[in-house]
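Each remark here refers to the structure printed beneath this line.
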Amino acid sequence: MGDAVRRRRWRSARPDSPSVTGARFTAVLPAGTIAAVPPDAAKRLIAEADRLMAGHAEFFGVDRDDLADPDWWYDPKTGRRAPWGYAFHVPYRNEDAVGDIKQIWELSRHQYLTVLAAAYAITGNERYAERVAEHLRRWWAANAPLRGVHWISGIELGIRLLSWVWIRRLLDGWPGAAGLFEGNPVALHQIWHHQRWLAAFPSRGSSANNHVIAEAAGQFAAACAFGWFPSSARWRAGALRSLERHLRSNTFDSGLNRELATEYHGLVLELGLAAVAEADAAGVPVPASVRLVLLRMTDALAAIVDSHLRPPRQGDADDGHGLVVDGAGTDRWASLLATGDAVFGRLAWWPAVTGTDVRTPLLAALIRPYSKNGTAPAVTRPASRPGHFADAGLTILRGPAGIWCRCDGGPHGFLSIAAHAHADALSVEVRHDGVDVLADPGTFCYHGQPQWRQYFRSTLGHNTLRLDGGDQSVSGGPFLWIRHARSRVLVADTSDESVARWCAEHDGYRPSVHRRRVELTAAAKELKVVDEVRGPRRAVHLAFHLGPAIAADLVGSRAVLIWTRDGEDRSAVLDLPGQLSWRAHRGETDPPLGWYSPGFGRKEPATTLVGTGFADGTALLGEFITVLRFRG
């Protein structure tokens, strides 16, 4: 039966969940787990929980003060409320009719409730548990199966199920926990319908990206921890097959995520670790390939982060998380590396992790260490820090004083639609001691603001070269690319400590070819970028986006860059190609230019330097040299 036919049938056929008797929750945390949570991480968590208890939270740049008694269908950004009705008939992509769907969906992932549940587990204060129970009961009452916006998207159902599993686990010491979940017919009805939905409507084909992994991880977690239904074994087996298949298909052999969007690498890694935690807690065997993919993803993450453990800002980013049990100020990437250390063991070249988090000791208490797992295959891990990931086309050049440069020469994106890709072929991203100097501007939005969506994923919105005013790849919609630029890396030499080199080209502007060479000279603290255009005479726009902390004084083709780090003044000189006419842009809106998005739903003015002119393949007009020299 096709999805469309099933959706029509389900509109009128909403079966009751099977009756359940004698259900028990056994996937509890081992004794002593909570005591292993570092005090400073616990303090941050409790501060966050108290803010939530007071009704305050921030989602995607919008401050909310209604969380004591939230409206699950309300979008505080637009002031709109999603309509009631059969889920598959709700026009959720129409912001005028529904509001900003990301704002509406985020609260109902119930990750703020996992924070409150974790606060109960750490403090034993029952007010946190009571608030969690109150909100779950209200949500279940207001969101009947297949009614409204929260039954539209599988990724939302999958992440919500994972949250419920952890809420039940973290509330285990509370006397009302069993009555809230396994002893509650309403909860059982919801859990069953969530799993029935996920089994019926998995993401398919060109949508089989991070969404299908979230669906499988949530379904698997629930079928392990809430295995109380006649279909639980079937759901568990099907979800595990899907998880194993799609973890492999979504991940390069190098360990990087195939969507080439770094935040989704983090999301998928979090989801995979959470799923393995449920398997080990329930004693369910997991294919060795699952742990192997997660190991490679963790090593790849350790390899690409800068000196402050920040990974690239490549591709789309929507601040999505798989499991949230930490307070504000906890570093996501440090947390993942800490968990990787606990589960897989750190390699000698891994960067040091100095921060703490709540999630790592919780996951580590459930997941069997890789070295002690009898089904784990022997694997050869990198003996030294990789700088080039050939399959992903990503290269990291490193220099003294925390100079870090990402060079992009990889595929445009994942699958035919490349949903989370940007038109950023041959773009560079440069940091100095963790500060964005030449920045990837980010993502900002998905739905509802098409001019901003277009800008943040455009060629002009990245540190690369645009020809004749068009993007290298052709967009067919906010999550669709109908023609992909093809890139290839020609040189990637990161082994020489004195000079690191990279060269790549792409064919997005056929018949012209854009080739870029990058050299990082350690002794001079100098980065040289040479852009070459081969082909007929074309109009050129060469853009360099500065980070929000960078002040720029542009005179002619030279820009002096100044910023502050840890109370110290820092500076650099950016010598730009003299053949082009240079202008600084900042915070422009018609059209958008000169912006930086620090997170989804947030943007701030930043300086963008744009050079305009022509290229015709000659030595004079076809080659453009940019040199960035760091001072001090």
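The values are calculated or read from the model by the stated rules, or taken from the named source; none is laboratory data. Please read all numbers here as calculations on a predicted model, not as lab measurements. Don't worry about glycine lacking a Cβ; one is built from the backbone with ideal geometry, like all the others, and counts go over all protein chains shown. We work out accessible area using only protein heavy atoms, side chains counted, and drop any ligands, DNA or RNA first. Shrake-Rupley method; radii C 1.70, N 1.55, O 1.52, S 1.80 Å.
Brief remarks on what is shown
- Segment 379-484: trypsin sites (Lys or Arg not before Pro) falling in loop per DSSP and having at most 15 other Cβ within 10 Å: none
- Taking the 1.4 Å solvent-accessible surface of segment 43-107 as the whole, the part contributed by carbon and sulfur is 47%.
- Estimated FRET transfer efficiency when R0 is 22 angstrom, pair ARG631-ARG583 (beta carbons, to 0.05): 0.35
- Between ASP553 and ASP40, the simple spin-label model (points 7 angstrom out along Cα→Cβ) gives 3.8 nm.
- Amide N proximity, segment 175-215 versus ALA31 label position 7 Å along Cα-to-Cβ, cut-off under 20 Å: 175
- Theoretical FRET efficiency, 1/(1+(r/R0)^6), r = Cβ-Cβ of ALA539 and ALA233, R0 60 Å, to 0.05: 0.45
- Estimated D of the chain in µm² per second, where Rh is the Kirkwood radius over Cα pairs and Stokes-Einstein applies at 20 °C, 1.002 mPa s: 84 µm²/s
- Net charge contributed by nearby residues that have their C-beta within less than 12 Å of ARG381 (K/R +1, D/E -1): +2
- Shown for segment 388-631: the carbon plus sulfur share of the solvent-accessible area, taken with all protein chains present and a 1.4 angstrom probe, equals 51%.
- Rounded, prolate or oblate (a/c below 1.5 giving rounded, otherwise prolate when a/b exceeds b/c) for segment 388-631 by Cα gyration tensor: rounded
- Estimated inter-spin distance, ASP96 and ALA288, nm [label 7 Å along Cα→Cβ]: 5.8 nm
- Peptides 292-299, 220-227, 75-82, ordered by how many other C-beta atoms sit within 10 Å of their residues on average, highest first, read 220-227, 292-299, 75-82.
- Gain in span if fully extended, ALA178 to ALA4, counting 0.36 nm per residue against the direct Cα distance: 58.9 nm
- Accessible area of TRP349 in the full protein assembly, 1.4 Å probe (Å², nearest 10): 40 Å²
- Residue ranges 188-195, 135-142 sort as 188-195, 135-142 when ordered by packing (mean number of other C-beta atoms within 10 Å per residue, highest first).
- Converting phi to 3J(HN,Hα) with the Karplus coefficients 6.51, -1.76 and 1.60 and the offset θ = phi - 60°, segment 189-198 yields 4, 5, 4, 5, 5, 4, 6, 4, 4, 5 Hz in sequence order, with x at every glycine or proline.
- Cα-based shape type of segment 149-266, given that a ≥ b ≥ c are square roots of the gyration tensor eigenvalues and the cut on a/c is 1.5: prolate
- A probe of 1.4 angstrom, applied to the heavy atoms of all protein chains, finds SER242 with accessible area near 30 square angstrom.
- Size of charge dipole - the chain - debye, nearest 20, with Cβ of Lys, Arg +1 and Asp, Glu -1, no other charges: 1720 debye
- For the chain, the solvent-accessible area with a 1.4 angstrom probe is 36 square angstrom per residue.
- Annotation for TYR86 and GLU58: the two label points, set 7 Å from Cα along the Cα-Cβ direction, are 4.2 nm apart.
- Sites GLN451 and VAL491 - FRET efficiency at Förster radius 35 Å, r taken between beta-carbons, to 0.05: 0.40
- Eigenvalues of the alpha-carbon gyration tensor of segment 533-574, scaled by 5 and square-rooted, set the equivalent ellipsoid semi-axes at 30, 11, 8 angstrom, largest first.
- Segment SER498-ILE562, length gained on full extension (0.36 nm per residue, minus Cα span): 20.5 nm
- Value of [θ]222 nm, deg cm²/dmol, for the chain, DSSP H segments ≥ 4, -39500 (n - 2.57) each, nearest 500: -10000 deg cm²/dmol
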